[in-house]
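S.K.: Before I ask anything, here is the structure I am working with.
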Amino acid sequence: MDIALVGIGKIARDQHIPAIAQSPDWKLKACVSQSGTVEGVTTFTEFDTFLRDCPETRVVSLCMPPLPRFGYAAAAIAAGRHVMLEKPPGASLAECYKLAGMARSQRVTLFATWHSREAAMVDAAKEWLSGKDLRRVTVTWREDVRRWHPGQEWIWAPGGLGVFDPGINALSILTKIVPDGLHVTEAHLEVPENRQGPIAAQLRFAHPTGADVTAEFDWRQEGDQIWRIQVETAQGTLVLEDGGARMFIEGCPHKGDARALSGEYPRLYARMAQLVADGRSDADFEPLRHVADAFLLGRRTTVAPFHE
Ligand code: NAP
């Protein structure tokens, strides 16, 4: 199938273009970009022009930041295109639900992707945890914003999510491996005095059987980066490291079965191909709901200004 990529920035170049290039399902037919081109691919500067001039390209993948994404997604769905959304699926929950409704009415596929759910050990973790009695879940996501988001002003602006931009990746894994009705009960947001978005956040969740579930996100980490979810159960302890790439059960590395297709983005594109072929959507907004609740409930502390 032909596909168009819209918003040719860091993630489009790092992941989407290589994943499409190696996929047997997709051909990158067009790009829409204000600032650049992709070699050998027709590039449009205006999305409306692309929609009008390329009616045969039925699928678009939207890689711009969350705030401007809704307008693009709504226009694409209205024009009868299938849509793949980068995470987070929108800048607000209302936008997300509206897109899901539009996709249903237009009978097109909407895929709200969560790339971290495709990390190598996430399915194995979900399987191992199934039926076990949870006691404690501790999410620790500590990374250096200067290393991973250089020059990205949008990430600090309203709608940019601040530290929840990486934190929502942890929440996407958490809601997959612990699917039983968590909800945020307390949040603390640390906001630099010169920014709108938090640089750190701590969350506490209620769990139906009383497990102690907490998450800590921090962008001020130097040295080793930590993307860890530790789950203590009555039957043993599971630790996911490196954002779900590695898993340890009772401290022992778990090899697991090699997944048929390696890499988070190749798996996302394979799934999109399947969803379009089956005429289905996959739009789970649960991770964004937890972020929204953290903003609703969060106690704010002003912290030192952040300069790059
Ligand atoms: P980015 O490089 O700062 O921006 C991506 C591109 O979006 C820009 O190059 C631009 O494309 C377009 N864009 C920016 N502002 C726009 C606006 N106001 N209206 C329309 N288009 C606009 O961001 P990114 O790091 O790729 O992140 C994009 C999304 O991917 C975010 O939702 C992020 O959470 C997600 N993501 C990022 C990473 C990562 O490692 N960076 C990893 C996973 C997911 P053109 O110049 O081509 O128009």
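The values are calculated or read from the model by the stated rules, or taken from the named source; none is laboratory data. All figures in this text were calculated on a predicted structure; none of them were measured in a lab. Cβ sites come from the backbone with ideal geometry, for glycine too, and all protein chains shown count toward neighbours. Just the protein is used for accessible areas: all its heavy atoms, side chains included, with ligands, DNA and RNA removed. Shrake-Rupley method; radii C 1.70, N 1.55, O 1.52, S 1.80 Å.
S.K.: Please list the three semi-axes, largest first and in whole Å, of the ellipsoid equivalent to the range 3-145, using sqrt of 5 times the eigenvalues of its alpha carbon gyration tensor. Could you put the intermediate results ahead of the total?
M.R.: Working: eigenvalues 185, 70, 46 Å².
Over the Cα atoms of the range 3-145, the semi-axes work out to 30, 19, 15 Å.
S.K.: Let me ask another. For residue 300 and residue 246, FRET efficiency with R0 = 41 Å and r from the beta-carbon atoms, rounded to 0.05? If you can, show how the numbers build up before the last one.
M.R.: Working: r = 35 Å, r/R0 = 0.84.
For residue 246 and residue 300, the calculated efficiency is 0.75.
S.K.: Still on this structure, I have one more. Got the relative contact order for the chain handy, in percent, Cα pairs under 8 Å and 6 or more residues apart?
M.R.: Relative contact order for the chain comes out at 21 percent.
S.K.: Then there's this: Starting from the Cα gyration tensor of the range 83-188, take the square roots of the eigenvalues, sort them a ≥ b ≥ c, and report rounded, prolate or oblate (rounded when a/c is under 1.5, otherwise prolate if a/b is larger than b/c, else oblate).
M.R.: On the way: a/c = 1.74, a/b = 1.12, b/c = 1.56.
Oblate, since a/c reaches 1.5 and b/c is not below a/b.
S.K.: While we're on this one: Note the direction-averaged projected area, equal to a quarter of the hull surface, for the Cα convex hull of the chain, in nm².
M.R.: Mean projected area for the chain: 16.0 nm², to one decimal.
S.K.: With unit charges on the beta carbons (Lys and Arg positive, Asp and Glu negative) and the dipole taken about the Cα centre of the range 1-130, which residue among 115, 44, 130 sits farthest to the positive side?
M.R.: Among 115, 44, 130, the one farthest towards the positive end of the dipole of the range 1-130 is 130.
S.K.: Could you tell me the accessible area of residue 265 in Å² (1.4 Å probe, neighbours in place), rounded to the nearest ten?
M.R.: The accessible area comes out at roughly 10 Å².
S.K.: Please determine, in degrees from 0 to 90 and to the nearest 10, the orientation of helix 264-278 with respect to the longest principal axis defined by the Cα atoms of the chain, where the helix direction is its Cα long axis.
M.R.: 60
S.K.: Hey, any idea what % of the chain's accessible area is carbon plus sulfur with a 1.4 Å probe?
M.R.: On the way: 6800 of 13700 Å².
For the chain, the apolar C and S fraction of the accessible surface comes to 50 percent.
S.K.: Based on alpha-carbon atoms only, what is the radius of gyration of the range 27-66 relative to the globular estimate 2.2 N^0.38 Å?
M.R.: Working: Rg = 9.9 Å, N = 40, 2.2 N^0.38 = 8.9 Å.
For the range 27-66, the normalised Cα radius of gyration is 1.11.
S.K.: In degrees from 0 to 90, rounded to the nearest 10, what is the angle of the helix 164-177 Cα long axis to the longest principal axis of the chain?
M.R.: The angle comes out near 70 degrees.
S.K.: So what is the accessible area of the range 62-162 per residue, in Å², with the probe set to 1.4 Å? List each step's numbers first, then the result.
M.R.: Details: 4040 Å² over 101 residues.
Result: 40 Å² of accessible area for each residue.
S.K.: Under a point-charge model restricted to the Cβ atoms of Lys and Arg (+1) and Asp and Glu (-1), what is the dipole moment magnitude of the chain relative to its Cα centre, in debye to the nearest 20? Before the final figure, lay out each step's value.
M.R.: On the way: 34 positive and 39 negative charges, 108 e Å.
The calculated dipole for the chain is roughly 520 debye.
S.K.: Which whole-number percent is the relative contact order of the range 156-300 (Cα, under 8 Å, 6+ apart)?
M.R.: Details: 190 pairs, mean separation 36.0, N = 145.
It rounds to 25 percent for the range 156-300.
S.K.: Over the range 225-308, average the accessible area per residue using a 1.4 Å probe and give it in Å², no decimals. Mind showing how you got there, number by number?
M.R.: Details: 4360 Å² over 84 residues.
I get 52 Å² per residue for this part.
S.K.: Let me ask something additional. How long are the semi-axes of the ellipsoid equivalent to the range 184-308, from square roots of 5 times the Cα gyration tensor eigenvalues, in whole Å, largest first?
M.R.: Details: eigenvalues 177, 94, 66 Å².
They are 30, 22, 18 Å, listed largest first.
S.K.: Next question. By average Cβ neighbour count within 10 Å, what is the ranking of 281-288, 19-26 from highest down? Working shown, then result.
M.R.: Details: 281-288: 19.1, 19-26: 16.0.
Averaged packing, sorted descending, gives the order 281-288, 19-26.
S.K.: So the label point goes 7 Å from the Cα of residue 75 along Cα→C-beta, right? Which residues of the range 20-61 then have their backbone N under 12 Å from it?
M.R.: Inside the label zone: 32-34, 44-53.
S.K.: Distance between Cα centroids, the range 264-308 to the range 190-240: provide it in whole Å.
M.R.: 16
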